[in-house]
């Protein structure tokens with residue numbers, strides 16, 4: 001039983017690391033092979049034919065040859081370079097954030113086709129979204145679905161009763177909501193307004209078209225960002241690095257436009 | 001890597017160990033270099049050792065542009081032949097070497113020592129952006145040329161800097177992005193081609 005020496009796959013490039021003089025190790029997220037690492041030779045030279053097809057945030061058709069340790073990229077053809085994202089500072093940063101999440105939440109060589117679809121769709125839609133923040137929250141919620149951390153937002157995780165339309169708490173360590181009766185004495189949690197709970201439930205159970213129809217104000221947006229950020233950080237047990245950069249940008253761009 | 005060092009060859013082992021810390025040099029290459037030096041005239045080893053030592057002792061960063069230099073400020077910042085109204089922003093000192101080699105640019109430089117890379121945790125505070133903004137305060141600079149690398153990090157850094165600098169009333173330009181000389185069109189990627197078409201010039 002011998003595997004063919006070369007193979008071809010679609011891939012989104014989600015991470016790159018320098019290697020040696022002119023090489024890189026790329027992290028590719030593929031539809032059927034999951035996350036894989038591969039070596040790209042010579043892509044840091046200006047005349048590299050592959051470099052432009054292997055930049056971060058590019059959807060490409062990649063040919064690979066099996067190597068001893070890492071497979072080697074022998075060809076690549078861009079399918080979508082997401083130029084609209086790359087021409088915009090804020091969109092590039094959002095896109096880097098979601099690829100970092102994908103990288104953090106997945107293990108090598110585990111197929112996750114729905115997650116690939118979600119990532120691709122988000123990258124495609126991001127530039128057309130009215131509210132990028134909501135698009136990020138949508139991505140986070142559906143990412144959690146695909147990697148097995150879907151938060152329970154409909155009933156109290158302690159007493160199993162349906163939630164009343166009052167301020168309930170989201171508790172990261174139990175992965176769900178706690179009603180006011182159960183929340184005392186439980187680990188630290190985020191109190192969520194009725195509207196925030198509604199938006200989260202809606203995002204969790206809808207597709208992308210809903211995101212562009214929703215309108216929320218700045219305060220609600222901040223509330224959602226805080227609770228999702230807290231849950232992600234709890235699950236990863238570390239900071240999401242590019243989230244800090246999003247915060248810096250938000251602060252400074254506001255400073256500059258006013 | 002656990003080798004039993006032969007007592008007599010300890011000096012060689014030490015050199016091999018040091019050499020293999022260099023980028024691109026594995027244990028075998030290090031061994032080859034070490035034995036080469038052993039056989040070569042003593043003079044050669046002396047020169048090499050001196051060159052390495054003086055590198056660390058003499059080279060500092062220019063306090064104005066953060067280029068590597070033996071004297072502070074660096075020759076470019078001190079020169080009265082250079083156009084002080086232009087600053088060219090680069091990621092690494094090596095980029096200055098490449099640009100100076102062309103001999104076409106007569107302005108000053110500023111080395112950022114990196115590019116913004118959110119997923120690696122490199123933010124605006126980690127590269128020399130604050131120092132750049134301070135240089136722009138006195139109003140003598142009329143044009144800032146963004147010469148960061150044309151990859152995702154470099155582009156992002158350029159877009160960010162443009163957001164910061166444009167409101168100061170300073171002209172911000174970006175190196176043209178298009179096709180490298182000596183290549184073939186059929187292998188060019190979409191982004192490069194798109195920008196090459198957008199940035200075409202009358203011939």
Out of (1) farther than 17 Å from residue B:88 by Cβ; (2) out of contact with any strand residue (DSSP E or B) (no Cβ under 9 Å at 6 or more places or on another chain); (3) surrounded by 12 or more Cβ atoms within 10 Å (Cβ to Cβ); (4) modelled with pLDDT of 90 or more, the one residue B:133 does not meet is (1)
Restricting attention to the range A:20-27, does a residue exist that is surrounded by fewer than 22 Cβ atoms within 10 Å (Cβ to Cβ), closer than 27 Å to residue B:25 by Cα, without any contact (Cβ under 8 Å) to a residue 60 or more places away in the chain and away from chain B (no Cβ under 13 Å)?
-> yes
Every listed condition ((1) under 23 Å from residue A:113 (Cβ atoms); (2) touching a helix residue (DSSP H, G or I) at 6+ places or on another chain (Cβ under 8 Å); (3) at the interface with chain B (Cβ under 10 Å from one of its Cβ atoms)) holds for residue A:12 save (3)
Count of residues meeting criterion [within 30 Å of residue A:3 (Cα to Cα) and more than 10 Å from chain B (Cβ to nearest Cβ)] in the range A:54-98 = 16
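For every residue, the table says whether it meets (1) out of contact with any strand residue (DSSP E or B) (no Cβ under 9 Å at 6 or more places or on another chain); (2) in contact (Cβ under 8 Å) with a residue 12 or more places away in the chain.
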| residue | (1), (2) |
| --- | --- |
| A:189 | no, yes |
| A:212 | yes, yes |
| A:234 | yes, yes |
| A:251 | yes, no |
Any chance the range A:245-252 includes a residue that's assigned by TED's automatic domain parsing to the domain that holds residue A:89, under 16 Å from the mean Cα position of the chain (by Cα) and crowded, with 18+ Cβ neighbours inside 10 Å?
-> yes
From the set of residues in the range B:152-175 that are in contact with a helix residue (DSSP H, G or I) (Cβ under 8 Å, 6 or more places away or on another chain) and not in a helix (DSSP H, G or I), which is nearest to residue B:87 (Cα to Cα)?
-> B:172
Which listed residue is more than 14 Å from chain A (Cβ to nearest Cβ) and closer than 25 Å to residue B:178 by Cα, from B:103, B:114 = B:103
Pick out, from the range B:13-121, the helices (runs of 4 or more DSSP H) lying fully within it that include 3 or more residues that are surrounded by 12 or more Cβ atoms within 10 Å (Cβ to Cβ), in the same structural domain as residue B:158 (by TED's automatic domain parsing) and out of contact with any helix residue (DSSP H, G or I) (no Cβ under 8 Å at 6 or more places or on another chain).
-> B:75-78, B:93-102
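Any residue at all in the range A:81-88 that is in contact (Cβ under 8 Å) with a residue 60 or more places away in the chain and surrounded by 14 or more Cβ atoms within 10 Å (Cβ to Cβ)?
Checked against the condition, which is being in contact (Cβ under 8 Å) with a residue 60 or more places away in the chain and surrounded by 14 or more Cβ atoms within 10 Å (Cβ to Cβ), the range A:81-88 yields no hits at all.
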Residue check, residue A:39 touching a helix residue (DSSP H, G or I) at 6+ places or on another chain (Cβ under 9 Å), modelled with pLDDT of 90 or more and not assigned by TED's automatic domain parsing to the domain that holds residue A:235 = no
Which members of the range A:88-137 meet the condition of being over 18 Å from residue A:150 (Cβ atoms), touching a helix residue (DSSP H, G or I) at 6+ places or on another chain (Cβ under 8 Å) and not in a helix (DSSP H, G or I)?
-> A:88, A:127, A:128, A:129, A:130, A:131
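Quick check: anything in the range B:144-154 more than 9 Å from chain A (Cβ to nearest Cβ), touching a strand residue (DSSP E or B) at 6+ places or on another chain (Cβ under 8 Å) and either farther than 27 Å from residue A:250 by Cα or free of Cβ contacts under 8 Å to residues at least 40 places away in the same chain (or both)?
So far as the range B:144-154 goes, no, none of its residues is more than 9 Å from chain A (Cβ to nearest Cβ), touching a strand residue (DSSP E or B) at 6+ places or on another chain (Cβ under 8 Å) and either farther than 27 Å from residue A:250 by Cα or free of Cβ contacts under 8 Å to residues at least 40 places away in the same chain (or both).
The values are calculated or read from the model by the stated rules, or taken from the named source; none is laboratory data. It should be emphasised that the depicted structure is a prediction, and the values quoted were computed from it without experimental measurement. Quick reminder, even Gly has a Cβ in these numbers, built from the backbone with ideal geometry, and neighbours come from all protein chains shown.
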